[in-house]
Amino acid sequence: YGKLRANWTRVGNDTDPYRLAAVYGAGTPWGGQPSFTAPNQLPNANLKPEETTGQEVGADLGLLDSRVTLNATLYQKTTENQILPVSISSATGSTSAVVNSGSVRNRGIELAATITPVQTGDFRWNVAANWSKNTNMVLSLYSGVQRIVIGTYWNVSVTADSGQPYGNLVGRKWMRDSQGRIVVDGTGLPIR
């Protein structure tokens, strides 16, 4: 048998709660009186929902009375109006603002094969293998921003960089001399 398939889809995604308006967090009471703190993230009442549009084409083939089946799929998905925090000056009273930030594209291929080498009346042995590859690209970011830091752990940042794959790991390395040795400052600490 053989089957060709194609589909198109568009789905939306909303944001986390409390990103549209400032909500104060309850703190530890002081002197019997309640205390509250202002958020560090500037809310955005004008956020649009994220929108992902996808296209997919594929084929399913069955050979030798379906003892050999092959599946292949090509896809592309583009997400626009991603909801991300961007860093702002702390002089504003906040350290980040929530914005709709550009678009990201994912393209990929998925291949699968199933073979039935042994099939008797009450026994069937299937061997399956699959392979896939996804390539993503940050097509644009918020209003001329070139990099958004998604998160940081142990001085390594996960970033979204315009024109680069989403989720780059960015860190610093030690300065080295011409022989490859780490260069240290006057106190003996390595120089970045």
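Just a few scattered comments:
- Distance between modelled label sites at TRP154 and THR116, nm, 7 Å Cα→Cβ extension: 4.8
- Antiparallel %, DSSP beta bridges [both residues in the chain], to 5: 95
- Accessible surface, the chain, averaged per residue in Å² (probe 1.4 Å): 71
- The gain in end-to-end length when the LEU64 to THR37 segment is fully stretched comes to 2.9 nm, 0.36 nm per residue minus the alpha carbon separation.
- Surface composition of the chain: carbon and sulfur make up 55 percent of the accessible area, probe 1.4 Å.
- Table column - 3J(HN,Hα) (Hz), the stretch 47-62, Karplus curve with 6.51, -1.76, 1.60, x for Gly and Pro: 4, 9, x, 5, 9, 10, 10, x, 10, 8, 10, x, 9, 10, 10, x
- Result for the chain in a Gaussian network model with C-alpha springs under 10 Å: among LEU84, LEU74, LEU63, the largest mean-square fluctuation is at LEU63.
The values are calculated or read from the model by the stated rules, or taken from the named source; none is laboratory data. If you're wondering where the values come from, they're calculated on a predicted model, not measured in any experiment. Every residue, glycine among them, receives a Cβ derived from its backbone with ideal geometry; neighbour counts consider all protein chains shown. To get the accessible areas, we keep the full protein, side chains included, count just its heavy atoms, and leave off ligands, DNA and RNA. Shrake-Rupley method; radii C 1.70, N 1.55, O 1.52, S 1.80 Å.
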